[in-house]
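Worksheet for the structure shown next.
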Amino acid sequence: MRLLRQWLPRWSARKGELHVLRAVYSPQLGNQRDVSVFLPPSYASGNTRYQVLYMQDGQNLFDASTSFAGAWGVGEAIEWASRRGVAAIAVGIPNMGPARIDEYSPFAGAEGGGAGERYLEFVTRTVKPLVDERFRTLPDREHTGIAGSSMGGLISLYAFFRYPEVFGFAAALSPSVWFAGGALLKAIARAPRVPGRLYLDIGIREGEPSVGFARRLRDLLLEKGYRERRDLLWIEDRAGVHHESAWGRRFRKALPFLLREGAAP
């Protein structure tokens, strides 16, 4: 079965380009979805290879018309970071609506979940090889990251520890650490310390239990040896709410920490 039907540029943001890989089929999950790939402005010229950030909830990242509650403005954020010497490709993997909670958690809880392992196999064994084949990427773990918010933040953190050979950095914005009774905390506590960079944040206005669980995760990461502002960036946004607008604003500020300067010719 073909994994890709079409590969077309969709729109440009400040000279960067958004391409859409149409109907990417997942043999792991038995479904298909369009995958968005945003190329930084410098991609069009030269033979440079780029680090890649794989992101959940792809329909909320680039285009307000496809978003649930407003887009993050990831294309503009990548362009902004490029001007500061940290160019990257951003890959937006959309959620599947009713299947979102199942795919974004390996842990089964009262709210759902349980398909997270198969979803990450889709990301690492189907999407990543396709992106590496079609675009000029730096495919090693040091230059490959994963990011998401809410349940997307949960699965991104889990992926960082579950696939240390694939991901060298991760961002979790307002992660749903509370899901399934805090099962993510137990999984990370059992996992070896993985070298790399972690960005973690929470909006204080999100309230409990979100804030309390996020702080417990921060403390756990510190206990595992991650050092604040060196390989762990923790942000408490006092005005932050659980919303796309807050995540888009904080994501832009997280990029210089997450991404490595420069790229390979």
Condition set open to solvent by less than 20 Å² (accessible area, probe 1.4 Å) and either acidic (D, E) or assigned to a helix (DSSP H, G or I) (or both), scope the stretch 80-117, selection farthest from D34 (Cα to Cα): answer is A81
Taking the stated definitions as given, is V241 assigned to a loop (DSSP other than H, G, I, E, B), out of contact with any His (no Cβ under 9 Å at 6 or more places or on another chain), surrounded by fewer than 21 Cβ atoms within 10 Å (Cβ to Cβ) and β-branched (V, I, T)?
yes
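From the list R190, R230, which residue is at pLDDT 95 or above and either touching a His at 6+ places or on another chain (Cβ under 9 Å) or on the phi < 0 side of the Ramachandran plot (or both)?
R190
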Looking at the stretch 190-202, is at least one residue in contact with a strand residue (DSSP E or B) (Cβ under 6 Å, 6 or more places away or on another chain), within 26 Å of G109 (Cβ to Cβ) and open to solvent by 20 Å² or more (accessible area, probe 1.4 Å)?
no
Can you pull out every residue in the stretch 17-54 that is open to solvent by 20 Å² or more (accessible area, probe 1.4 Å), in contact (Cβ under 8 Å) with a residue 60 or more places away in the chain and aliphatic (A, V, I, L, M)?
L29
Give me the pairs: first residue in the stretch 201-219 and at negative phi and of a type in the set (K, R), second residue open to solvent by 20 Å² or more (accessible area, probe 1.4 Å) and part of a strand (DSSP E or B), beta-carbon distance under 6 Å, and six or more apart or on different chains, which are they?
R218/W234
Given (1) at pLDDT below 95; (2) assigned to a loop (DSSP other than H, G, I, E, B); (3) not charged (D, E, K, R), index of the condition S65 fails:
(2)
Would you mind telling me which numbered condition in (1) open to solvent by 30 Å² or more (accessible area, probe 1.4 Å); (2) at pLDDT 95 or above; (3) within 25 Å of A254 (Cα to Cα) D57 fails?
(1)
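The values are calculated or read from the model by the stated rules, or taken from the named source; none is laboratory data. All figures in this text were calculated on a predicted structure; none of them were measured in a lab. Counting neighbours? That spans all protein chains shown, and the Cβs are built from the backbone with ideal geometry, glycine included. These accessible areas exclude ligands, DNA and RNA; they are computed on the full protein's heavy atoms, side chains included. Shrake-Rupley method; radii C 1.70, N 1.55, O 1.52, S 1.80 Å.
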